[in-house]
1. Looking at GLY123, GLY88 in this structure, which one is surrounded by 23 or more Cβ atoms within 10 Å (Cβ to Cβ), in contact with a helix residue (DSSP H, G or I) (Cβ under 8 Å, 6 or more places away or on another chain) and not in a strand (DSSP E or B)?
2. Count, please, the residues in region 35-81 that happen to be buried (at least 18 other Cβ atoms within 10 Å of the Cβ), within 25 Å of VAL94 (Cβ to Cβ) and small (Gly, Ala, Ser).
3. Within region 162-176, how many residues are surrounded by fewer than 23 Cβ atoms within 10 Å (Cβ to Cβ) and in a helix (DSSP H, G or I)?
4. Which of the following residues is touching a helix residue (DSSP H, G or I) at 6+ places or on another chain (Cβ under 6 Å), of a type in the set (Ser, Thr, Tyr) and crowded, with 17+ Cβ neighbours inside 10 Å: SER159, SER179?
5. Output the residues belonging to region 243-283 that are among the small types (Gly, Ala, Ser) and out of contact with any Cys (no Cβ under 6 Å at 6 or more places or on another chain).
6. Scan region 146-154 and tell me whether some residue there is in contact with a Pro (Cβ under 6 Å, 6 or more places away or on another chain), assigned to a loop (DSSP other than H, G, I, E, B), touching a residue at least 40 places away in the same chain (Cβ under 8 Å) and surrounded by fewer than 24 Cβ atoms within 10 Å (Cβ to Cβ).
7. Condition (residue is free of Cβ contacts under 8 Å to residues at least 60 places away in the same chain, polar (S, T, N, Q) and farther than 27 Å from ALA61 by Cα) applied to region 249-263: is it met by at least one residue?
8. Which one is farthest from CYS170 (Cα to Cα) among residues in region 105-120 that are within 20 Å of the chain's Cα centre (by Cα) and part of a strand (DSSP E or B)?
Amino acid sequence: MKKEIVPLLLLVFIVSSIAFFACGEKKLKKQQKIYVAWSNDQNSYSYISTLKTIEAMGAEAIVLDQVLSADLSYDQNKKLINATDDKGILTKEVAKLVKVNTWQNSNVNEVMKDVSCIVFPGGVDICPTLYYEEESWHGIEEDTNYSAERDVSDYLLLSYCLEKDIPMFCICRGMQMLSIVSGAEMIQDISEWNEEKDVDTFILHRDPEKKKFMAHDVEVVSKESLLYQIVGDDKIEKVPSWHHQAVKSVDNTRLTVTAYSGEENCIIESVERRDKAFCIGVQFHPEVAVRKEIDKELDAKEFMEKDMALAFFRALVDIKR
């Protein structure tokens, strides 16, 4: 009788152990967190796509609070007071305060408590007064959608993350903000810039009617880059694209260009900081490709593979710090 009980107990122990470790693995996945920079418009397609993509890889998406500058005045709804012009663009005086004082005089330490990695999602244009070399508005009437509060929040937050070496993945607007904080030159409108330089990219980066994402290929130009490690190829096919602004040059900055698109490689598609643990920006929208596949949208097959798109987010959380 005892001989029969021993194998039975052994079987129960093995099954219980497997169940225990399986539950532990599920719990670990639930505890994995990816933090997302605050936005004034968290219902935008790309922002929701970012949250859905993080959830699709089994992690928890946590939206951070707004970063506030103690140098500026806010109302009870955390809206800036006397800080913008009639287009909603930060005045030069206010922009200078943000750039000169960066994150030190803000609530960023409180916002970033226990944060291990962060995503800066896509969104609206960035105030041209925040550029390293301040510029005036580009004058295109249909493109006057700015968020001064988000610009201040992102600028302070990103400057903090760079200094503290927080692993970050920056998408579209996020890549542009990374570049602006780093001192890069910007293209305020690709179409206007093409006309001035007599350049023809043969690529539409944004649907003229602003109804759908465009798809185009990207050339990876460095096998030593984070980008190449993530995608494992020198070409990324059918990236989702929706932007009319871009990074013009990273000369005299610590950024390295790792991908281009267009004739003569005229549009920068990816940058990174090689002196940091994990700091990469892409001009395209991998999160959109993931969402379209998840939601079974009719045009999902027109864009990059879901697994390749997810690889960017997996690399962010897998980085060993």
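The values are calculated or read from the model by the stated rules, or taken from the named source; none is laboratory data. Computed from a predicted structure; not experimentally measured. Cβ placement follows ideal geometry from the backbone for every residue including glycine, while neighbour counts extend to all protein chains displayed.
1. GLY123
2. 3
3. Count: 3.
4. Criteria check complete, one pass: SER159.
5. Passing the criteria: ALA246, SER249, ALA259, SER261, GLY262, SER270, ALA277.
6. No, region 146-154 has no match at all.
7. Our first condition is that a residue be free of Cβ contacts under 8 Å to residues at least 60 places away in the same chain; within region 249-263, this holds for 256-260.
Going one step further and asking which of them are polar (S, T, N, Q), we end up with 256, 258.
Among the residues that remain, those that are also farther than 27 Å from ALA61 by Cα are: 256, 258.
Scanning region 249-263 turns up at least one residue that is free of Cβ contacts under 8 Å to residues at least 60 places away in the same chain, polar (S, T, N, Q) and farther than 27 Å from ALA61 by Cα.
8. Checked region 105-120; the qualifying residue farthest from CYS170 (Cα to Cα) is ILE118.
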